[in-house]
Amino acid sequence: MIKHQGGCHCGAVRFEVEAPVDIEALDCNCSLCAKAGFLHLIVPKARFHLLQGESELSEYRFGTGVARHLFCRHCGVKSFYVPRSNPDGIDVNVRCIDSDTVRSLKVETFDGKSAWEEQAASISHLSST
């Protein structure tokens with residue numbers, strides 16, 4: 001594990017996440033993730049630290065209201081959020097991590113469009129410490 005840093009486009013929101021240098025991410029095809037281009041790295045909350053910009057975040061909830069989609073209110077980028085599949089964790093957008101600490105990236109597909117409920121159980125362990 002190393003500490004990766006990242007943030008939104010304008011720099012108002014910055015975070016740090018403890019994760020491997022070789023990252024395994026999920027590419028979900030649900031309606032929201034597909035439109036946003038979010039690449040998922042789910043971690044326990046203890047491995048995520050918001051460095052700046054808490055007051056710059058706007059929140060969006062839909063459906064069950066469990067997921068807390070957090071966006072920079074200036075540039076609109078969602079660099080992390082609290083996912084419905086892992087409400088006890090944080091889901092970081094790998095595309096928002098500063099690339100100088102990522103050695104490799106392996107992306108697996110996640111069928112959130114047609115089988116979200118079935119697929120969610122397979123990733124529920126990712127937010128466990």
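At a glance:
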read-out	value
Filter result (within 14 Å of the chain's Cα centre (by Cα) and over 21 Å from R73 (Cα atoms)) within region 1-25	H4, V17, E18, A19, I23, E24, A25
Scope region 118-129; condition under 18 Å from V43 (Cβ atoms) and assigned to a helix (DSSP H, G or I); matching residues	A120, S122, I123, S124, H125, L126, S127
Residues located in region 97-120, provided they are among the acidic types (D, E) and touching a Gly at 6+ places or on another chain (Cβ under 9 Å)	D98
Criterion: out of contact with any Phe, Trp or Tyr (no Cβ under 6 Å at 6 or more places or on another chain) and modelled with pLDDT under 95 - qualifying residue of S99, S104	S99
Strands (runs of 3 or more DSSP E) within region 1-117 that include 3 or more residues free of Cβ contacts under 8 Å to residues at least 60 places away in the same chain and surrounded by fewer than 16 Cβ atoms within 10 Å (Cβ to Cβ)	48-52, 57-60
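The values are calculated or read from the model by the stated rules, or taken from the named source; none is laboratory data. Bear in mind the structure is a predicted one, so any value in this text is a computation, not a measurement. Virtual Cβ from ideal backbone geometry, glycine too; neighbours counted across all protein chains shown.
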